[in-house]
Amino acid sequence: MTTTATTAAPRGTGRRIAQQAVGNYAIVIFLLVLIAVFSMVAPTLFPTWSNFQAIANNQAVPAILALAVILPLAAGEFDLSVGATLGFTSVLTAWASIGGVPLVPAILLGIGAGALIGAVNAFLVVKVRVSAFIATLGMGTLLSGGNLLLTNGSVLFEGIDEGLTVIARSRFLGLPLTFYYLIVIALILWILLERTPFGRYLAATGLGRAPARLAGVPTNAYLAIAFIGAGALAGVAGVLQTGTVGSASPSTGPAFLLPAYAAAFLGATTIRRGRFNVWGTMVGVLVLAVGVSGLNLLGAPFWVAPVFNGLALLLAVSFAAILAGRGRRGSAGA
């Protein structure tokens, strides 16, 4: 009997490890399946270097915005203004550039405006105690009016400093510089969230503000930093958006919001399940990008992309809710 018990334990342990590995990397496996399917269905279009370059070029800005939203999400709040912040900082940078502001100050103006918008959101949520949903939704609407004020309803393109397009469109090893900016931002954010006390305190703030406060964590400060960081990253995305397309439209911004949250929630179901994390979010961005790219190459109609993104968000949020429920039941059982 001793022998049976001794051999059964490793088998059970091995099964649990395998199930845990499959659960942790289910989205990664799904991504690989998507790539394999599209590669087989469209072998001359999908698995090509030019398609990979197109994905890297088109997804860098949305990926930076997806990384922006995980900061307030990790602190337990939503920032629904990040899409509008991207649009406003894109327009503001172009407007300043056309008005004669030199390249570097125009870029700093866009990023600084994003951080300031995040600071206002933080003030409303932390000090005035306005619901983050309402505060950031109102801020997004306010910024859309600011876009119309600066552009008079027109697309800005004449007179934008060419340096903006150079820093965004220039290529290194065949890939746009925006791709490398994304990698650098992701690495910095990963170190900040996973390898420093800041990340642990931010996660504690998101998991339970009252217990975290009792443990000595200045939760209001971490929440404020999360909103300001999200605003600044949205500002970076806005500046790069202007450089990438060479223009700034007053309607830019809202379309980026849903994919960013879809990627963040997809990311919370992989790598570090149950936590908003950098590499999981990057996988989420890739799932959406590969899915939309593959469907477009197969000739899917124009309405498929938003449907795909919306469906991914609903599935990811549902999966995250199921994981959270299991975690609570596990804690209660323990």
Listing of helices (runs of 4 or more DSSP H) fully contained in segment 202-305 that carry 3 or more residues being open to solvent by 40 Å² or more (accessible area, probe 1.4 Å) and closer than 30 Å to ALA96 by Cβ: 219-245, 254-267
Residues of segment 27-40 classified as over 21 Å from the mean Cα position of the chain (by Cα) and modelled with pLDDT under 90, total: 1
Selection within segment 131-155 - open to solvent by less than 100 Å² (accessible area, probe 1.4 Å), hydrophobic (A, V, I, L, M, F, W, C) and more than 26 Å from the chain's Cα centre (by Cα): LEU150
Residue in segment 145-159 that is on the phi > 0 side of the Ramachandran plot and free of Cβ contacts under 8 Å to residues at least 12 places away in the same chain present: yes
Residue within segment 57-78 that is part of a helix (DSSP H, G or I), surrounded by fewer than 18 Cβ atoms within 10 Å (Cβ to Cβ) and at pLDDT 90 or above present: no
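In this structure, does PRO43 turn out to be more than 29 Å from SER247 (Cβ to Cβ), open to solvent by 10 Å² or more (accessible area, probe 1.4 Å), out of contact with any helix residue (DSSP H, G or I) (no Cβ under 6 Å at 6 or more places or on another chain) and not aromatic (Phe, Trp, Tyr)?
On the way: more than 29 Å from SER247 (Cβ to Cβ): yes; open to solvent by 10 Å² or more (accessible area, probe 1.4 Å): yes; out of contact with any helix residue (DSSP H, G or I) (no Cβ under 6 Å at 6 or more places or on another chain): yes; not aromatic (Phe, Trp, Tyr): yes.
Answer is yes for this residue.
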Subset tally (residues that are of a type in the set (A, V, I, L, M, F, W, C), over 30 Å from ALA94 (Cα atoms) and touching a helix residue (DSSP H, G or I) at 6+ places or on another chain (Cβ under 7 Å)) for segment 168-208: 7
Unmet requirement for ALA119, which otherwise passes all of (1) touching a Leu at 6+ places or on another chain (Cβ under 9 Å); (2) part of a helix (DSSP H, G or I): (1)
Unmet requirement for LEU108, which otherwise passes all of (1) without any contact (Cβ under 8 Å) to a residue 24 or more places away in the chain; (2) open to solvent by less than 50 Å² (accessible area, probe 1.4 Å); (3) aliphatic (A, V, I, L, M); (4) assigned to a helix (DSSP H, G or I): (2)
Residue in segment 156-170 that is nearest to SER249 (Cα to Cα), counting only those that are open to solvent by 70 Å² or more (accessible area, probe 1.4 Å) and part of a loop (DSSP other than H, G, I, E, B): PHE157
Pick from segment 81-105, criterion in contact with a Gly (Cβ under 6 Å, 6 or more places away or on another chain) and open to solvent by 40 Å² or more (accessible area, probe 1.4 Å), ranking: nearest to GLY243 (Cα to Cα): LEU103
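The values are calculated or read from the model by the stated rules, or taken from the named source; none is laboratory data. It should be emphasised that the depicted structure is a prediction, and the values quoted were computed from it without experimental measurement. Cβ atoms come from the backbone with ideal geometry, glycine included; neighbour counts cover every protein chain shown. Heads up: the accessible areas ignore ligands, DNA and RNA and are worked out on the full protein's heavy atoms, side chains in. Shrake-Rupley method; radii C 1.70, N 1.55, O 1.52, S 1.80 Å.
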